[in-house]
Amino acid sequence: MVMMMRALTAVAMAVAVVVAAVLMEAAAAATYTVGAPDGLWDLQTDYAEWVKTKTFHPGDRITFTYSPELHDVVEVTEAGYDACSSANNISAFRTGNDVVPLAAVGTRYFLCGFTGHCGNGMKIRVDVVDGGAASGPAASSSSTTAASPAAAAGLGSGLLVAVLAATFW
Ligand SMILES: [Cu+2]
C-alpha cells in the first residue's frame with residue numbers, strides 16, 4: 001500500500017510538471033528585433049516580407065535598432081501610415097534602441113519620420129492577434145521558445161515511465 005501511494009505521488013508530480021510546462025509555454029512572450037536577422041530598422045529591409053514570417057501576440061515586444069542620426073521611429077494611425085505622414089503621430093521614439101510593447105490585440109503602424117524614408121519603404125504594419133487558439137506548436141515555432149516542445153516531449157516520457165511504474169509496483 002505504501003508503494004502504491006508512492007507511485008501515485010510520482011504520477012501526480014509528473015502531471016504537475018507537465019501542466020506547469022504547458023502553462024509556461026502559453027505565457028512565453030517573444031521579443032523581435034525589427035528587420036533582423038537580415039536587416040535592422042533601415043532603408044534596406046523589406047518590412048512587409050519581414051512581418052510575414054512572424055505572428056505577434058499580446059505581451060510580445062518589438063525592438064527598433066538603428067542609428068538615431070539616420071532614423072527615428074514614429075507610431076502613427078492607419079491614415080498616417082498610408083500617407084507617410086507623422087503629422088498626427090501617436091508617439092515617437094529616438095533612442096536607437098526602442099522597445100515597443102505590443103500590449104493588446106490590434107494593428108500598430110510605425111514609420112521613419114526622416115524626409116523621404118517612409119516613401120522609400122521605411123514603414124511597418126504589425127498585426128497583433130489573440131494567442132488563445134493559435135498557441136500550439138505551430139505558433140511557438142516563430143517565437144524564441146523553439147526548444148520547449150522537445151522539453152515537453154521529454155516530460156511526457158517521464159510521465160509515461162511514472163504511469164508504468166505505478167502499474168507494476
Ligand atoms: Cu529613416
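Kindly state, to the nearest 0.05, the FRET efficiency for Asp130 paired with Asp82, given R0 = 30 Å and r defined as their beta-carbon distance.
So, using R0 = 30 Å, E works out to roughly 0.75.
For a paramagnetic label modelled at 7 Å from the Cα of Ala92 toward its Cβ, which residues of region 98-134 fall within the zone defined by backbone nitrogen distances under 13 Å?
111-115
Any read-out appearing in this document is the output of simple, stated calculations on the displayed coordinates, not a laboratory observation. Keep in mind that this is a model prediction, so the values were computed, not measured. Ideal geometry is used to build each Cβ from the backbone, glycine not excepted, and the neighbour counts take in all protein chains shown.
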